[in-house]
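Down below is the structure, laid out as structure tokens.
Read the figures in this text as sums done on the coordinates, not as results from a lab. Keep in mind that this is a model prediction, so the values were computed, not measured.
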Amino acid sequence: MPRRSVARRESRRRGHGGTGAGGRPPALFLTAAAGDDPLFAGLPRELLTLQWHGDTFALPEGAVLLAISPAYPHQAFRFDRAAYGVQFHLELSREMAAEWAGVPAYAEALTQVLGPGAETALVDELGADDRQLTV
């Protein structure tokens, strides 16, 4: 199921989040429940991720919160036994970030949020941390 579909289907309460599209939050942290989760168990408590959105949502009733950040309190959740919702990119490589930054609408969003030259700075920053982004 597409990334935001579970939250949209299970929760009608969505809104605009904190930092906007493009860039990273100060940190993304796994919750205690993530330590027992089949997908998240064994990952570091703090994860390096890319945020490329400005939306947030209320957790669906019965969901288990798995990751949080100061900007977006609901970063990942599990619904039932095998449906997950995540609002970040963990799979990013420097090459992928460069490709995304080359999309005019994405580059414009980065400039609006982070200022001129943001796409180059973001790609360089992600390149320095590339191994962490492909857990």
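With equal scatterers on the alpha carbons only and no solvent term, can you work out the Debye log10 of I(q)/I(0) for region 66-132 at 0.13, 0.14, 0.18, 0.23 1/Å?
-0.48, -0.55, -0.81, -1.02
Using each residue's phi in region 43-51, evaluate 6.51 cos²θ - 1.76 cosθ + 1.60 at θ = phi - 60° and report the 3J(HN,Hα) Karplus result to the nearest Hz, with x for Gly and Pro.
In residue order, the calculated couplings are 7, x, 4, 10, 10, 8, 9, 10, 9 Hz.
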